[in-house]
Structures are given as structure tokens and as C-alpha cells.
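Only the coordinates and a few stated rules stand behind these numbers; no lab work does. Computed from a prediction, not measured in an experiment: that's the story for all the values here. Here the Cβ is made from the backbone with ideal geometry for all residues, glycine too, and neighbour counts use every protein chain on show.
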Amino acid sequence: NQPTNVNLTMHQQGKWRLYALFVVLLLLCTTLSQAQNTTTDTAELEQRIQQSQDSIRAMVEVQPEQLSQFLDEIEAIKAAEERKFNFFNRMEWGKAALIGLILLAGGVLLIFGIVRINTNRLVRNMSNRAQSLKKNLARHIPEYLIGDLVHEETISPMVWKNCAVLQVDILENKTFRSPDERIYAMDTLFKACQGLSQNHGIIQIKNTGQKILAVCKASKLTPMEQANISAGCLNELRSAIEAQSETGLTLKAGITYGDVVAGLTKGGDKTSFDIWGHPVQEVQEITRSSKPGTISTTKYIARSLNKSEFSINEAEEGRYEL
């Protein structure tokens, strides 16, 4: 039995060796076949390259104008591409410049807007200040003379001919509870007097304490018209005060007529506008003699008044009361 097993083992080993030899031969044949194919492909590629080179040489030798045209077309394409690139580059620079200009213009407009707002605010403040100063100045100087005073810094004396002269004395008929209450009542009356004066074309000359001096002058008005306008203004003022009896104020007034001298007066450090003349002295006298709530006039004024509009009584010789 042992010899038999040995023979079987040797037989199997020989069989496996035969298989291995077969596989090696198969691999060798495959490698040789691939090498032959590779050699064939390389040769074919070299042949095609050679044909292309020959074709180019032939084209250069036989048809040089086609090659030149081809090269010119390539150069033209390159030039067109370069122009296109430069164009887009300029477009980008132009866009950036345009954006910069827009931003600059916006900044300039913003600055101008701020300057304009500040200028308008300054002008408005100056205008308000000028109006306030003009209003305060109008308490001492006739409004139409303020321009002359501002430009010339003085007002030359002048003669006002044929004008009605008015004086109003404000009287208190009750005791005020406080200074503020008294100031409020006086301010209300002064404002009412100022409004009526403007409506009737009467010029307030000065307000001193509780006295108001004014004139009615207009070249187009007759003496009779000036007298009726002045009396009408004072009559309306008296009615307005009587309608507000709770203010605790009343008045007495006078009207005269004639020529006066107007100009600036200086007393100490204070300069004011004033008028002088016989009509001024006369209106002061008849006003001083008047009773509270009455309006006194001279005989000349009384004759000029419209009797259907005013009730006139002779108080004493040369003085009449409305």
C-alpha cells in the first residue's frame, strides 16, 4: 500500500506543474500579442504625423497664399479679441467714473442743500429779528420813517401841514389786584388803539406812560375828512373800552388841527420821535380839561364833524365834547 500512495502523490504533483506551465505560456503569448499591437499603433501614429507634416509642407510650397490668409485671419481674430477686451476695460473704467461723478454730484447737492437750509434758517431768523425790531421801533417812530432812519441814521426835521392832532389819556377806574393784571389791561388797550389807528390811517407819534399822541395827515384828504376820521377812530376806541368794562380802564381824548414840526428829540441817552407846535399844546390843554369817557375838540373841528354821526355838546367856550 505505501508504494501505491507515493505513486499517486507524485502523479498529482506532476499534474499541477503541467497546469502552471500552461498558464505561463498563455501569459507569454498575450504579452507578445499586446506588444505587437502597440508596435503597430505607434507605427500608424508616426505615419499619420508624417502625413500631416507632408501635407503642411505641400500647402506651404504649393499654396502659400492660403496659409498667409489663414494667418491673417488668426491675427484679425486676435486683434478683434484685443479690441473687445479694451472696449470692455474702457466700459468698466467709464462705469467707475460715472459712479464717481454721481456720488460727487450727490455730495455737492447734499452740501448745497445743507447750506440752503442753513441760509434759509438764518434769513428767517434775521427777518423775524428785523420784524421784532421794526415793531419795537414803531412804538417810538412812525413806521413809514423807519426806512429813512435805518439808511440815513437820522430823521431831518419836517413840517407837517394841515393835520389833525389826537391825544388819548388812559385812566384807571378801579384798583388792580396785581401789577401783572394792570400791565395786561394796559397792553390790551394799547393794542386796540394801534389796530384802530392803522385801520384809519392815523400815525401814532409816541406812547408815554398812559398817554398816546397821534396825527392824521394825508395830502389827499380835506380838513373835514381828517376831522371825521380822527373823531371816528376815537369814538370806536371808546366803544371798545366801554364794551370791556371789566378791564377797569377808560379814556379821555382831544382833537385839534393845524401845522406841526416833526423830528427826533434827544433827552439824555434816549432818542425819540416827537412833534411840536400850537396844535400839540392845544390838544394837551383840551384833553386835560376833558371828563373821563369824553372826547374834546376845538370849535373848528366841531364845525367840520358830521352832525348825523356824532353828538356834539359845547362844554365851555372854545371846547366841545363828543
As a percent rounded to 5, the proportion of antiparallel DSSP bridges among beta bridges in segment 178-322 is 85
Hull surface over four for the Cα convex hull of segment 143-321, reported in nm², is 11.4
Calc'd 3J(HN,Hα), segment 185-194, phi into Karplus 6.51 cos²θ - 1.76 cosθ + 1.60 (θ = phi - 60°), Hz, glycine/Pro = x, comes to 5, 5, 5, 4, 5, 4, 5, 4, 5, 5
Taking a crude spin-label model, label points 7 Å out from Cα along the C-beta direction, the V159 to A80 distance in nm is 10.3
Between the modelled labels at T188 and R129 (7 Å from Cα along Cα→Cβ) the distance in nm is 3.5
Site E236, offset 7 angstrom along Cα→Cβ, radius 12 Å on amide nitrogen, limited to segment 196-213, gives 196-202
Length gained if S245 through L104 is fully extended, taking 0.36 nm per residue and subtracting the Cα-Cα distance, is 43.9 nm
Computed for segment 161-275: size of charge dipole around the Cα centre, +1 on C-beta of each Lys and Arg, -1 on C-beta of each Asp and Glu, debye to nearest 20, value 260
Counting sequence-distant residues (5 or more places) and residues on other chains, those with an amide H built under 5 Å from that of G293 are L251, K252
Stokes-Einstein D for segment 246-322 (10 °C, 1.306 mPa s, Kirkwood Rh from Cα pairs), in µm²/s, comes to 113
